[in-house]
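Inspection log for the structure reproduced underneath, given as structure tokens.
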Amino acid sequence: MSQKKKRVAELDIIRGITISLVVLGHTAMPDRYDVFFSHFRMPLFFIVSGYLFSLVKYESDVKLFFKNRLMRLVLPYFSACFLLLGMRIGMEKFYQIDKGADLSFLLFGIFNGNGKYLVVDGPAWFLICLFMTELFYLLMARLLHGRPFVLKFVIFAAAGAAGAWIGKSVFLPWNMDLAMVAMFFLFIGNELKRVQFFSNPKLYYSLILLSICIYPFTSGMNDFADMNYRKYGNLFLFYLNGVTGAFIVFFITRLFTKSKIITFVLSYIGRNSINLLLFHVGFIFYFLTLFNERYPQSITVNWGVAFLIGVTGSLLIGAIIRRNQYLRLLFNGVPLKKKHQELEKKTA
């Protein structure tokens, strides 16, 4: 495997691990595991997003950023939310279920974008938050272009502190306060890309070793972390645990690449991470909960089984979406293929 393909495989595996941890976090997994993973699962998501973010491309063309990222992040968010809203209304009317949330509140949650109010699909907050995080980061990076790394580090950390302070009083629409906190992780990921972290053995193993020495001690020093509800605990420890935990996952990922089966499974999950994010709670777990409420004595699902159902069900939905280019556009943000491209594919 070439170095470039190996790095791509590693990133897919990392995304597979990350979204799997997110799904696990929405099951009834034991608290000790949930607390342990909470320190780095969402920071890892933002760090990987930062690594994949094309700063050079967008720095000189902000209009291109809006064109691409509105399609890739915001369109799937609204498509999934309104689909799941319609499904929820239909199911609850058919089964005469009163969940205590009227239509106006459900719509408010969708347009507000905060997971706290997003009843129809809580995890989808990440897409709106990532869009705002990338936008803020892009604007800041343009202002700080050519400045020393240390200055950028301090400014992004300070912006995060300001966002955490705002979040104590109010959750701003479209997660703007949270985006200020998440910018730091996006910055770290983008810097890792700049220094070619995965292909720089000396830097790679130095940071991995340092993280292995730090994380076991500092992870137990902070409280349960939940970015969606602005629960950071000590912000310094939150940032430290998020970054060092991510580096340890990077190291585990490289070990996983030695197994073809693990690489295949986690890479496949990673490439379908948006479908798992959008559908494991709002669709799969919704129907699982509905089924258990109507037939309480029929089946008992523990957190491990719920995780497998959530992942498998979301992957099946993703397989359906991939078969139609219009569904790919709406739910995955993939541009429509032009007619000549489709003709070339058919005649190839």
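The values are calculated or read from the model by the stated rules, or taken from the named source; none is laboratory data. The structure presented is a predicted model; accordingly, all values stated were derived computationally and were not measured. Cβ atoms come from the backbone with ideal geometry, glycine included; neighbour counts cover every protein chain shown. These accessible areas exclude ligands, DNA and RNA; they are computed on the full protein's heavy atoms, side chains included. Shrake-Rupley method; radii C 1.70, N 1.55, O 1.52, S 1.80 Å.
If you bin all the Cα-Cα distances of region 58-145 at 10 Å, starting from zero, the percentages per bin are 16, 39, 25, 14, 6, 1.
Measure off, as a whole percent, the carbon and sulfur share of the 1.4 Å-probe accessible area of region 99-141, all protein chains present. Show your work: numbers first, answer last.
Values: 980 of 1380 Å².
About 71 percent, which is the carbon plus sulfur part of the accessible surface.
The residues of the chain present an accessible area of 51 Å² per residue when probed at 1.4 Å with all protein chains retained. The string of couplings for region 45-57 from the Karplus curve (6.51, -1.76, 1.60, θ = phi - 60°) is 4, 6, 5, 5, 4, x, 5, 8, 6, 8, 4, 4, 5 Hz, one whole number per residue in order, with x for Gly and Pro. What base-10 log of the normalised intensity I(q)/I(0) is obtained for region 274-338 from the Debye formula, alpha carbons as equal point scatterers, at q = 0.12, 0.13, 0.19, 0.29 Å⁻¹? The computed values of log10 I(q)/I(0) come out as -0.38, -0.43, -0.73, -1.19. Pairs with C-alpha atoms separated by more than 30 Å, drawn from the list LYS93/LYS231; LYS63/LYS152; LYS63/LYS337; LYS67/LYS168; LYS202/LYS260; LYS63/LYS338, are LYS93/LYS231; LYS67/LYS168. Taking amide H positions as modeled 1.01 Å from N, with prolines and chain starts lacking one, the residues under 5 Å from LYS231 and 5 or more places away or on another chain are ASP226. For LEU172, the residues 5 or more places off, or on other chains, whose built amide H falls under 5 Å of its own are ASP177, LEU178. Considering every alpha-carbon pair of region 205-348, the percent of pairs per 10 Å bin, from zero through the bin containing the longest distance, is 9, 22, 29, 26, 11, 3, 0. Largest GNM mean-square fluctuation across LEU127, LEU329, LEU143, computed for the chain with C-alpha springs under 10 Å, falls on LEU143. Computed from the Kirkwood radius of its Cα pairs, the Stokes-Einstein diffusion coefficient for region 52-203 at 25 °C and 0.890 mPa s stands at 142 µm²/s.
Normalised by residue count, region 145-273 yields a Cα convex hull volume of 143 Å³ per residue. Inverting the pair-averaged 1/r between distinct Cα atoms of the chain gives 21.3 Å as its Kirkwood hydrodynamic radius.
For the peptides 203-215, 9-21, what is the packing order when you average, over each peptide's residues, the other Cβ atoms within 10 Å and list the highest mean first?
Per-residue Cβ counts within 10 Å, averaged per peptide and sorted highest first, yield 9-21, 203-215.
Once the gyration tensor of the Cα atoms in region 12-126 is diagonalised, the equivalent ellipsoid follows with semi-axes of 29, 23, 11 Å, ordered largest first. Within region 246-313, the ratio Rg/Rh, alpha carbon atoms throughout and Rh by Kirkwood, equals 1.11. Taking the convex hull of the alpha carbon positions in region 70-114 and averaging its projected area over all directions gives 3.2 nm².
Partner aspartates and glutamates whose Cα lies under 17 Å from the Cα of LYS57, excluding those fewer than 8 positions away in the same chain, are identified as GLU134, GLU191.
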